[in-house]
Structure formats: structure tokens, C-alpha cells
Amino acid sequence: MSGKAAAAAAAATATATAAAKGASAYPWREKLAKYKMELAKGVWGYWELGAWKPLALSARKRARLRKEVLLAGEEWPYDPPRGEMRNKRKGHKCDRIAAEKRANTAELMKKMPEMLLDYKKRRWEKKMKEEEGKS
């Protein structure tokens, strides 16, 4: 008998909770309206008269409210703007420099025939000037 009584009490509690939820289908709307000004001040807190003031709403409650709003399919405008992604490469600097040197060497090797011709031409011109100076 006690099992049936407990089941009946649980069922009555469940219907009472459902009725309470029916009265306020979106309890997060009331919370959002209550903390709207506080949420607009910032995510973690704000500066007031040179002193840091934390929010009146704890981070746990803020996160729970945010989750309820997002699960309901609504928009949450109180998140801070996201920063840019880091461009800094990971890895060892010597590996990166070595790769750059190899690429630079490959480019210079493509220019090598022209560079050799310029060198030979300069050397020949220098030789001609020396011969003109002797005679």
C-alpha cells in the first residue's frame, strides 16, 4: 500500500509542477527582465567610480540563464565580442627559418645564370679599365 501511496503523491506533485510551469511557460523571461540592466553592464563586472564592481548575478546563474535562453531558440546579446584568432605559428623557430632559407635559395638558383653573366660582365669591364689605365 505504501508504494501506491508514494506513486500517487509523486503523480500529484508532477501535475502540480506542470500546472505551475503552464502558468509561466518561460521562467527565463522573468529572470532576463529582472537582470537585464545587470547583464548589460558587462560579462564579469564593471568599473564604477574607479572601483571594480562584480555583477550581482553570479557566473553560474548567468550561465544557466544563458543556456535556458539559447535552448528556447532566443538570441543572447550579452556575450562579449570575440577577439581575433591568433596568427602566431606554433613550432620551432629554427625549422621555420630553415624552410624560408630553402625557399629563398631555390629562388636565387633560378636567377643564377643572369647573376653569373652580370658578374662576368663586371669583371671583364674592370679588366678593360685596368688595361686602359696601364696604356
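Checking each residue in region 63-80 for being touching a residue at least 24 places away in the same chain (Cβ under 8 Å) and surrounded by 13 or more Cβ atoms within 10 Å (Cβ to Cβ) picks out 65, 68, 69, 78.
Within the option set 36, 121, 53, 21, being surrounded by 10 or more Cβ atoms within 10 Å (Cβ to Cβ), at pLDDT 90 or above and among the charged types (D, E, K, R) holds for one residue only, 121. Screening the candidates 84, 114 for the property of being surrounded by fewer than 10 Cβ atoms within 10 Å (Cβ to Cβ), part of a helix (DSSP H, G or I) and modelled with pLDDT of 85 or more yields one hit, 114. Among the residues of region 39-50, is any more than 30 Å from residue 100 (Cβ to Cβ), modelled with pLDDT of 85 or more and among the aromatic types (Phe, Trp, Tyr)? Looking through region 39-50, at least one residue is more than 30 Å from residue 100 (Cβ to Cβ), modelled with pLDDT of 85 or more and among the aromatic types (Phe, Trp, Tyr).
Test residue 101 against the stated conditions and say whether it is part of a helix (DSSP H, G or I) and either within 23 Å of residue 32 (Cβ to Cβ) or in the same structural domain as residue 32 (by TED's automatic domain parsing) (or both). No: the conditions fail for residue 101.
Condition check ((1) basic (Lys, Arg); (2) in the same structural domain as residue 32 (by TED's automatic domain parsing); (3) more than 18 Å from residue 30 (Cβ to Cβ); (4) in contact with a helix residue (DSSP H, G or I) (Cβ under 8 Å, 6 or more places away or on another chain)) across all residues:
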{"position": "48", "(1), (2), (3), (4)": "no, yes, yes, no"}
{"position": "52", "(1), (2), (3), (4)": "no, yes, yes, no"}
{"position": "63", "(1), (2), (3), (4)": "no, yes, no, no"}
{"position": "66", "(1), (2), (3), (4)": "yes, yes, no, no"}
{"position": "69", "(1), (2), (3), (4)": "no, yes, no, yes"}
{"position": "72", "(1), (2), (3), (4)": "no, yes, no, yes"}
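The values are calculated or read from the model by the stated rules, or taken from the named source; none is laboratory data. Fair warning: this is a prediction, and the values are worked out from it, not measured in the lab. Positions of Cβ are backbone-derived with ideal geometry, glycine not excepted, and every protein chain shown enters the neighbour counts.
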